[in-house]
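Enquirer: Have a look at the structure that comes next, please.
The values are calculated or read from the model by the stated rules, or taken from the named source; none is laboratory data. Only a predicted model underlies this, so the values are computations on that prediction, with no experimental measurement involved. A quick note on method: Cβ atoms are made from the backbone with ideal geometry, for glycine too, and the neighbour counts reach across all protein chains shown. Side chains are part of the model used for accessible areas, which takes the heavy atoms of the whole protein and leaves out ligands, DNA and RNA. Shrake-Rupley method; radii C 1.70, N 1.55, O 1.52, S 1.80 Å.
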Amino acid sequence: MEFAGVLPPDAPDPRLARAEMLKRMPIPVIQLVGQANVEVTDISVMSGSDHLGYSELTASVNATLWRNPDDKSDPVNLADLDEPMRRAIDEVPPWPRPAWLIEQVERMRYPLLWEAVQTTWRREESEYSTLEECLANHVNYVLMNQFHEELGIQIDDWESPALTSASATRRGVALTLDGAEVVGAEIDTDPFVYAVGAKLPSGGTLTAVLPRDHLPYIDLRFSSHP
């Protein structure tokens with residue numbers, strides 16, 4: 001049980017429940033192809049349902065970026081954190097913590113590819129499930145949660161002109177998925193993130209949104225999650 005916001009040391013790892021939820025995805029989950037610079041740490045699942053059951057499922061891959069994966073102690077791997085954040089990470093509370101929580105806190109020292117790759121399945125297609133709409137929505141979701149200060153907008157100001165739209169999508173971009181080429185699209189108009197996506201042979205939609213600063217370290221090919 002949790003008391004006064006303190007997790008007991010035997011609290012279950014929430015990633016276990018998310019892994020069980022992931023089994024409900026009716027299509028393969030896509031992630032970046034295996035590479036030393038990108039270490040997948042978690043896959044979360046968002047869902048929508050109605051009287052018939054699940055109407056939508058989205059699996060989102062989170063990963064740690066290693067600029068120098070051969071030496072993870074190299075300071076080049078550290079994220080650019082302000083002093084309050086560094087103090088919060090360094091502070092050790094006077095009570096024991098679950099091992100998974102300690103691991104997550106330590107991960108905060110390094111750049112996070114937050115909700116970087118999404119696989120979305122919908123029972124029925126609509127005007128909201130086009131590749132253009134999915135890609136723009138993913139871009140705006142990352143911008144709002146990770147870059148709203150840089151954009152100079154208030155959190156949840158979804159009408160801000162600083163965000164992107166489906167009209168920014170450029171079709172005809174070649175992507176590699178499981179070693180084969182698929183034709184997709186990109187949004188290459190935002191100063192902070194770059195995005196690509198494609199409709200999947202399985203019937204779902206792949207979208208990926210990555211900070212531009214991290215692109216030199218990332219192999220932008222994709223593979224099905226094992």
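Enquirer: Please verify whether the range 38-55 includes one or more residues that are over 24 Å from Tyr217 (Cβ atoms) and touching a helix residue (DSSP H, G or I) at 6+ places or on another chain (Cβ under 8 Å).
Expert: So far as the range 38-55 goes, yes, one or more of its residues are over 24 Å from Tyr217 (Cβ atoms) and touching a helix residue (DSSP H, G or I) at 6+ places or on another chain (Cβ under 8 Å).
Enquirer: A follow-up question, please. Within the range 1-53, how many residues turn out to be of a type outside the set (S, T, N, Q), open to solvent by less than 80 Å² (accessible area, probe 1.4 Å) and part of a strand (DSSP E or B)? If you could, list the steps in order and put the result at the bottom.
Expert: Residues of the range 1-53 of a type outside the set (S, T, N, Q): 1-30, 32-34, 36, 38-40, 42-43, 45-46, 48, 50-53.
Now restrict to residues that are open to solvent by less than 80 Å² (accessible area, probe 1.4 Å): 5-9, 11, 13-15, 17-19, 21-22, 25-30, 32-34, 36, 38-40, 42-43, 45, 48, 50, 53.
Next cut, part of a strand (DSSP E or B) only: 6, 30, 32, 38-40, 42-43, 45, 48, 50, 53.
Looking only at that region, the number is 12.
Enquirer: Can you find, within the range 57-114, the residue that is nearest to Leu206 (Cα to Cα) among those that are open to solvent by 40 Å² or more (accessible area, probe 1.4 Å) and part of a strand (DSSP E or B)?
Expert: Here the answer is Trp114.
Enquirer: Okay, next question. Across the range 157-189, what is the total count of residues that are out of contact with any His (no Cβ under 9 Å at 6 or more places or on another chain) and either open to solvent by 40 Å² or more (accessible area, probe 1.4 Å) or part of a helix (DSSP H, G or I) (or both)?
Expert: Count: 19.
Enquirer: Given Ala63, Ala11, which one is within 20 Å of Ala116 (Cβ to Cβ) and of a type outside the set (Val, Ile, Thr)?
Expert: Within the list Ala63, Ala11, the selection yields Ala63.
Enquirer: Collect the residues in the range 191-212 that are out of contact with any Gly (no Cβ under 8 Å at 6 or more places or on another chain) and either in contact (Cβ under 8 Å) with a residue 40 or more places away in the chain or closer than 15 Å to Asn137 by Cβ (or both), keeping them in residue-number order.
Expert: The answer is Phe192, Val193, Ala195, Leu200, Ser202, Gly203, Gly204, Val209, Leu210, Pro211.
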